[in-house]
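The values are calculated or read from the model by the stated rules, or taken from the named source; none is laboratory data. Quick caveat, the model's predicted, so the values are computed rather than measured. So basically every Cβ, Gly included, is an ideal-geometry build from the backbone, and we count neighbours across all protein chains shown. Calculation scope for accessible area: heavy atoms of the full protein, side chains included, ligands and nucleic acids excluded. Shrake-Rupley method; radii C 1.70, N 1.55, O 1.52, S 1.80 Å.
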Amino acid sequence: MGTKFGASLVTPFLFLLLSHVVFSTTNDGLVRIGLKKMKIDQKCHMNRRSNANEQEETPGGPIRKYHLRGNLGDSEDTDIVALKNYMDAQYFGEIGIGSPAQKFTVIFDTGSSNLWVPSAKCYFSVACFFHSKYKSSQSSTYTKNGKSAAIQYGTGAIAGFFSQDHVTVGNLVVKDQDFIEATKEPGITFVAAKFDGILGLGFQEISVGNAVPVWYNLVNQGLVTEPVFSFWLNRNTEGEEGGEIVFGGVDSNHYKGEHTYVPVTQKGYWQFDMGDVLIGGETSGFCASGCSAIADSGTSLLAGPTTVITQINHAIGASGVVSQECKTVVEQYGKTIMEMLLAQAQPKKICSQIGFCTFDGTHGVSMGIESMVNEKLEMTSDGVHDAACTACEMAVVWMQNRLRLNETEDQILNYVNELCERLPSPSGESVVQCDALSSLPSVSFTIGGKVFDLAPEQYVLKVGEGVAAQCISGFIALDVAPPRGPLWILGDIFMGRYHTVFDYGNSTVGFAEAA
């Protein structure tokens, strides 16, 4: 849900309101919700990854920070809320619940599907004392439900019960909307958050309690003319507008050219097929045959499999935590792995043949890392999910890619050792030198046959000013095992650069350069 970063990387608890929330409607039939943008301490980022057998929240695991993204529709007024130079930002807007409407600030999250806000019955969680609370006794349209509900995030959780009431989004009133009154918000995750709750814009397939999402009711109750919403995230941190969500259309003022649309391949998250990942214009060798990705407005950074994220962070000079296990594997078995690759052994079975992994070699490098998908994954390695196995699998991918370049044995071993040194820390963060941005390569993603580039100033987040400034890589490791993985989470880093359209009617996602 939120991006998680080490406390050492940022100054503590920087909260700065950058823009105001504005609701407006225009004569084009679209509903726009302005977004507030805040800079927050990285310690407060929420890890959006949900537990596999918990309510399906968005998979944006390690990098999710709740940033409010704007919902944009088929219109011409879409605002992009971008993080430009700040790694910690929240984008949130205001909604109302009840009659008369009780106001709440929420994250508009395409990676989850439920609406929840703190309840007046939340007595024992500190977070509830710092946020607006829903009081059912003060609403004439409240309907009791009472069914219990709980959502587990990577670094936070909420629990409570379902209720039903009218929900006001912009100038639209959704009648009889099921939502969760949170009575427990344990830990500090939500204490420092500047939003009260979360409004999910994902599919009903991942809705806790199978509750009908707010977006579905906006469509079903005829409140929007077109079943489309879009996001504009303002990457200009000095701009008055944090961003804008447009329900019912797309705002042509906030993008250039045409959108590239790709079909949703699996409903739940807004998931689609993604092609090759390029570093400095050259293939990373990992997604050349395809990967899956989701567009997630609840994630601040960009998450991907450890194998390729390590390659990216190496290419941009990002420093992670040294993985001794990885270096040990390369030192003792690097030559053996190369010999087996040259002998055309099946790459996915090499590590089991050497003895690092006790499975048949049919799963990916994400073994042992908890998935954020709906069902808990069945482990295919007989319970042996150790670091050596994962390190071996990554080394195979890296070596295979370098062998294609006809490099020498020494060159390959040196390269893989360098990658081992770039492996991220458990929380996933890596830092780069702020004065080196001009020399860093672009990182690109192939979607719908088109290459979408991210320049260094777009994928590096700068926290602080002057000599105290720190630059953080926008790429963070997140391993989701097959069959759902490898999975990429395209969060704020990507959606700020590319205006994003969520076409519910045609089950497609579209990207165009933000304007």
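Computed over neighbours whose Cβ is under 12 Å from that of K327, the net charge equals -3, Lys and Arg +1, Asp and Glu -1.
When peptides 495-508, 345-358 are ranked by their average number of other Cβ atoms within 10 Å per residue, the highest-first order is 495-508, 345-358. What does the C-alpha gyration tensor say about the overall shape of segment 92-164? Classify as rounded when a/c is under 1.5, otherwise prolate if a/b is larger than b/c, or oblate. Judged from the Cα gyration tensor, segment 92-164 comes out rounded (a/c under 1.5). Between amide H atoms placed 1.01 Å from N, distances below 5 Å from T299 occur with K65, H67, D492, all of them 5 or more places distant or on a separate chain. Listed peptides 92-101, 190-199 appear in the order 190-199, 92-101 once ranked by packing, highest mean of other Cβ atoms within 10 Å at the front. Segment 272-349 and segment 437-459 have their alpha-carbon centroids 17 Å apart.
In the calculated pair-distance distribution of segment 116-204, the portion above 20 angstrom amounts to 32 percent of the Cα-Cα pairs. Take segment 262-307, drop everything but the C-alpha atoms, weight them equally and run the Debye formula without solvent; then report log10 I(q)/I(0) at 0.14, 0.25 Å⁻¹ to two decimals. For segment 262-307 at q = 0.14, 0.25 Å⁻¹, log10 I(q)/I(0) is -0.39, -1.03.
Protection proxy ranking of 303-309, 250-256, by the mean of other Cβ atoms within 10 Å over each peptide's residues and highest first, is 303-309, 250-256. Evaluating kT/(6 pi eta Rh) at 20 °C and 1.002 mPa s, with the Kirkwood radius of segment 299-358 over Cα pairs in the Stokes-Einstein relation, gives 157 µm² s⁻¹. Taking segment 106-260 on its own, what percent of its Cα-Cα pair distances exceed 24 Å? Everything past 24 Å amounts to 38 percent. Using a probe of 1.4 angstrom and keeping all protein chains present, the accessible surface of segment 125-190 works out to 44 square angstrom per residue. Tell me, what % of the accessible area of segment 184-275 is carbon and sulfur with a 1.4 angstrom probe? C and S fraction of accessible area: 45 percent. Toward the positive end of the charge dipole of segment 142-297, with +1 on the Cβ of Lys and Arg and -1 on the Cβ of Asp and Glu, the farthest Cα among T183, S284, P213 is that of T183. The stretch between S438 and Q353, if pulled fully straight at 0.36 nm per residue, gains 26.2 nm over its current Cα-Cα span.
Among rounded, prolate and oblate, which fits segment 250-359 when a ≥ b ≥ c are the square roots of the eigenvalues of its C-alpha gyration tensor, a/c under 1.5 means rounded, and a/b larger than b/c means prolate? It comes out prolate by the Cα gyration axes.
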